[in-house]
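The structure appears right after this line, and notes come after that.
The values are calculated or read from the model by the stated rules, or taken from the named source; none is laboratory data. Owing to the predicted nature of the structure, the values given are computational and were not obtained by experimental measurement. Positions of Cβ are generated from backbone atoms using ideal geometry, with glycine treated the same way; all protein chains shown enter the neighbour counts. SASA here: full protein model, heavy atoms, side chains in, ligands and nucleic acids out. Shrake-Rupley method; radii C 1.70, N 1.55, O 1.52, S 1.80 Å.
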Amino acid sequence: MTASPRPLVAGNWKMNGLKAQLKELAAMATAYDSALRTKVDLLICPPATLAPLAAHTALGSHIAIGAQDCHAKASGAHTGDISAEMLADAGLTHVIVGHSERRADHGETDAVVRAKAIAAKRAGLVAIVCVGETEAQRRAGETLDVVGAQLDGSVPAGFSARELVLAYEPIWAIGTGLTPTTADVAVVHAFIRTRLGKLLGTDGASVRILYGGSVKASNAAELMVVPDVNGALVGGASLTAADFMGIAAVYR
Ligand code: 13P
């Protein structure tokens, strides 16, 4: 029997936050006391403009700082893009790849997401690979087919549990206040766990699988105890220390 992976509560600030927002990060750092640190890892992914400042703010707090995207190449003529190497150089340790908003807004395919995950590993960053179905796909009963295809296409072979985090984010649950039932979450997370085993061998058992989509302090307790839910990827509720630490507190 493999021990459960250590949980991770990650915040994705998306395109939100000016410098003043960093006071919320500072408050999170204060609230992340030694007792909570023994129970759960915390990560905040601010917009790129705040990333180095956030890394500085979080210094010594044990809150990791990540990015929301990276380019697959290490450097070159790619105006506006940022490489994984640059993120690592700025003090970041994680990068989200393949978020549904990037898949939709920037046409990112599974192959692109996979290349970005490989870039993350090359730079020494943990890749947080996102998958999830649309509302129409869920209604059509295609959830597992869609998620399975995304996993097959986006998760590179040979990744260890230290190099990869998986996030299941049903698109219809993002920013809507809707969440799947805990039974539905259990089905998808068990499916992802099995597929990760096929793709990664024994490492698949210890890759953390986060649930994302309208996670709040009020629903985190029931979602975080679902088998194979090893934490949360939080959007809106990661913008204030009170909300985010309320979610982390379910692991106390
Ligand atoms: P919300 O928590 O705002 O629904 O966003 C989830 C998400 O997309 C995190 O990456």
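Numbers at a glance
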| read-out | value |
| --- | --- |
| Choice from Leu200, Leu42, Leu210 with maximal GNM fluctuation in the chain (Cα, 10 Å cutoff) | Leu200 |
| Stretch gain in nm, segment Ala186-Asp152, where the contour uses 0.36 nm per residue and the Cα spacing is subtracted | 10.3 nm |
| Given charges at beta-carbon only (K, R positive; D, E negative), |dipole| of the stretch 96-179 in Debye | 360 |
| Placed amide H near Ser83: partners under 5 Å, 5+ positions off or other chain | His71 |
| Amide H partners (placed H, <5 Å) of Leu164, local residues excluded | Ala127 |
| Apportionment of accessible area to carbon and sulfur, the chain, percent (1.4 Å) | 57 |
| Distant-in-sequence amide H partners of Val215 (H built 1.01 Å from N, under 5 Å) | Gly235 |
| Global geometry of the stretch 44-98, whether rounded, prolate or oblate, following the gyration tensor of its Cα atoms and the 1.5 cut on a/c | prolate |
| Highest-fluctuation residue, Pro170, Pro180, Pro46 considered, GNM on the chain with Cα pairs under 10 Å | Pro180 |
| Rounded to the nearest 10 Å², the accessible area of Asp81 at probe 1.4 Å | 70 |
| Estimated 222 nm signal from helices in the chain, with DSSP H stretches of n ≥ 4 weighted -39500 (n - 2.57), rounded to 500 | -11000 deg cm²/dmol |
| Label-point separation, Thr38 to Thr194 (7 Å along Cα→Cβ), nm | 3.7 |
| Per residue value of the accessible surface for the stretch 76-161 (all protein chains in place, 1.4 Å probe), Å² | 44 |
| Cα-based reach from Lys19 at 25 Å (exclusive), listing lysines while leaving out same-chain residues under 8 positions away | Lys216 |
| Space enclosed by the convex hull of the alpha-carbon atoms of the stretch 136-252, per residue, Å³ | 106 |
| Along principal axes, Cα extents of the stretch 1-153, largest first, whole Å | 46, 45, 31 |
| FRET efficiency for Glu142 and Lys19, using Cβ-Cβ distance with R0 set to 30 Å, rounded to 0.05 | 0.10 |
